[in-house]
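Asks: Here you go, one structure.
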Amino acid sequence: MNDCNLVYRIPGASWTMELPAERLRTLQSHAQHRGWSKETAGQLYSAAPGSDVVRVDAVTKLPARVATRTGLRLDIPAIAKEREAFFEQGLHCLGFWHTHPEPVPSPSSDDINLAADHAKAGRVAFAGLVFVIVGTASAPDGIGVWVHDGTALWRAALEMEPGTTRLSSTAILS
């Protein structure tokens, strides 16, 4: 499945998010397959965040001040600097990705709170924050995609064919 583009839809949204195979491989290259693997995180960027199909055009890895198997602290000034540099190249930040040491990832309470904080802070600029968690299973099961709209964290459904879905779409209240 790593050679396929994955397409996700949020319930009720008129847009889909495309995760191209190349970006998927980048994300999965950071999966925590070893017992000593530390959590890794980065940002997702798109050249056309307002279109009907929002394509992830770039995936970055952020420097961590501290990283453990189940958590990390990011370098906030580095995040802002990276966003400015990508914006100058015409790319807009869609949100964050990070790893979990479990096969099929799901957001922790810390993840939900972080997504809510960032979504509320950016509400003026965008409708929601994309939040991807990379587990240890192969795609698509090892990739979890959510969007926080400032009120709730919505799980994206993986579309297998136009108009059909494989995963359920449910809200996880913040």
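Asks: Okay, helix-only estimate at 222 nm for the chain: each DSSP H run of n ≥ 4 adds -39500 (n - 2.57), divide by all residues, round to 500 deg cm²/dmol; what do you get?
Replies: Helix contribution divided over all residues of the chain: -6000 deg cm²/dmol.
Asks: If you don't mind, another one. Return the lysines within reach of Lys81: Cα separation strictly under 21 angstrom, same-chain partners fewer than 8 residues apart disregarded; answer none if there are no such residues.
Replies: Qualifying lysines at Cα under 21 Å: Lys61, Lys120.
Asks: Give the separation of the Cα centroids, the stretch 67-108 to the stretch 38-60, in Å.
Replies: Centre-to-centre (Cα) distance: 10 Å.
Asks: Please sort 107-116, 67-76 by packing, taking for each peptide the average over its residues of neighbouring beta carbons within 10 angstrom, highest first.
Replies: Sorting 107-116, 67-76 by mean packing, highest first, produces 107-116, 67-76.
Asks: Taking just the C-alpha trace of the chain, give me its Rg and Dmax in Å.
Replies: Rg, Dmax (Cα atoms, Å): 14.9, 43.
Asks: For an R0 of 35 angstrom, estimate the FRET efficiency from the Cβ-Cβ distance between Ile76 and Ala21 and round to the nearest 0.05.
Replies: According to the calculation, E is roughly 0.65.
Asks: Have a look at Leu74, Gln43, Thr26 and report the one farthest towards the positive end of the charge dipole of the stretch 1-94, computed about the Cα centre with Cβ charges (Lys/Arg +1, Asp/Glu -1).
Replies: It is Leu74.
Asks: Report the relative contact order of the stretch 6-173, percent, no decimals, based on alpha-carbon pairs under 8 angstrom and at least 6 residues apart.
Replies: Over the stretch 6-173, the number comes to 23 percent.
Every read-out reported here was derived from the displayed coordinates using simple, explicitly stated rules and does not represent laboratory data. If you're wondering where the values come from, they're calculated on a predicted model, not measured in any experiment. When we count neighbours, we look across all protein chains shown, and the Cβ atoms used for this are built from the backbone with ideal geometry, even at glycine.
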